[in-house]
Every structure is written in C-alpha cells, then in structure tokens.
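Just below is one structure, and these are the notes that go with it.
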Amino acid sequence: RLRLMPLSVDQMRNYVNRWVEAMELAQASRDAQTRRLEAALGLGASASRLAARQRSLCERPLFLAVLCVLVWGGGTQPERESELLDALVTASINPLPNSGLRAGDLRWLAGKVAWAMHLSQKTTLPALSLTGGDHPVLRPEELEALHLQTGLLVESGVEVSFAHLALQELLAAER
C-alpha cells in the first residue's frame, strides 16, 4: 500500500512561495503575502500554538492547498482536520440557481453516497448500484446533480468514488 510522506517545512514554504507567485502580484506585495500565509500556516519563526496546529495540517498536500485558499480568501482557519474537511466540502458545493437543490440538500445526498460506500466497505461503487436495484440510494437525477454541482465525486468509467477518501469518511460520519 502506497502512503504519502508528510511534507517538510521547506516543502510547505516552497508551495506557499509558488502559490503567491501564481497570483502575479508586484514583488513588495508578493513578499508581504508570502509572510502573511507563512505566519498563518505556522511556517514562520515565531509560531504560536494555533499556528503549530496549522503547520501539522499542512503536512498533507490537500490540506495545505485548502488552507492556502482559506487564508488567502480571509476565511476562518480551522484548527482540526474535521473542520478543514468541512470547509472543503462546503466550498465544493455550488448549487445551480434553477436546480431546486440547496447546498444542504447536495451535502445530504453526498452523505447518502458516502454511507452506502461505508456500509459496503468500498471506496468505489458502480453508479448503477447507487441508482438502480430494489433499494436505490439516489435517483439518477440526484447523482447527476452531485456530479454537476459539487466537486466531491469522481466518475471513472461506470464507477463512482469521492475525490478524496477523507471526504467520504467525513460525510459518512455525519450520517
């Protein structure tokens, strides 16, 4: 089984530097924003206890990316993994204006899929097993809505999975 090694502080700083460079800011602004992000993520020399917790979250590439987005946008900085994943799920749900579904509805539908995967002890399921059979988890149009209005699910051929196992685990735990 393949396992990612935690990012080092130098790798985290490199990511932050590249993140800020991609924003195409003037050099003075770029330096200030880099310092702001590094301080918020616990990468500065004088890291507080909260910042040290942030740094431990940054050891995982997905979490580092999400924290950069949250800090850059002025959002709240989660202290725990569950708060960070919750923010990621919330940011991934974008209801279409005329769909008749609200963000809470889409989250609930995604939770139903996560729970079905949990019960089957699988990380992928055939789309037909979710929408067909004697006890479908979702109607076909609900699965389509999840695909169109969230970034949570990935389709590979006829299989459906979550974009990241941690998202599936969080949504299943909410059920």
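None of the figures in this text is laboratory data; all of them are computed from the coordinates on show. All figures in this text were calculated on a predicted structure; none of them were measured in a lab. Every residue, glycine among them, receives a Cβ derived from its backbone with ideal geometry; neighbour counts consider all protein chains shown.
Treating the angle as unsigned and between 0 and 90°, give the value, to the nearest 10°, between the Cα long axis of helix 140-149 and the longest Cα principal axis of the chain. Approximately 10 degrees, to the nearest ten.
Semi-axes of the equivalent ellipsoid of the stretch 101-175 are 15, 15, 12 Å, computed as sqrt(5λ) over the eigenvalues of the C-alpha gyration tensor in descending order. Extension gain, GLU83 to ARG1, is 26.8 nm, computed as 0.36 nm per intervening residue step minus the present C-alpha separation. The trypsin sites (Lys or Arg not before Pro) of the stretch 1-84 that meet both conditions, a loop assignment by DSSP and at most 13 other Cβ atoms within 10 Å of the site Cβ, are ARG1, ARG3, ARG80. How many percent of Cα pairs in the stretch 37-125 exceed 17 Å? In whole percent, the share of Cα-Cα pairs in the stretch 37-125 beyond 17 Å is 58. Could you point to the label whose value was computed as semi-axes √(5λ) of the Cα gyration tensor in Å for the structure here, given (1) 27, 19, 15; (2) 35, 18, 14; (3) 30, 21, 15? Matching entry in (1) 27, 19, 15; (2) 35, 18, 14; (3) 30, 21, 15: (2). Distance from the Cα centroid of the stretch 126-169 to that of the stretch 18-47 is 38 Å (rounded to whole angstrom). The angle between the Cα long axis of helix 9-22 and the longest principal axis of the Cα atoms of the chain comes to about 80 degrees, rounded to the nearest 10. Counting only alpha carbon atoms, the long axis of helix 61-72 and the longest principal axis of the chain meet at about 70°. Give me the net charge of ASP105's neighbourhood, meaning all other residues with Cβ under 12 Å from the Cβ of ASP105; Lys, Arg count +1, Asp, Glu -1. Here the charged neighbours net out to +2.
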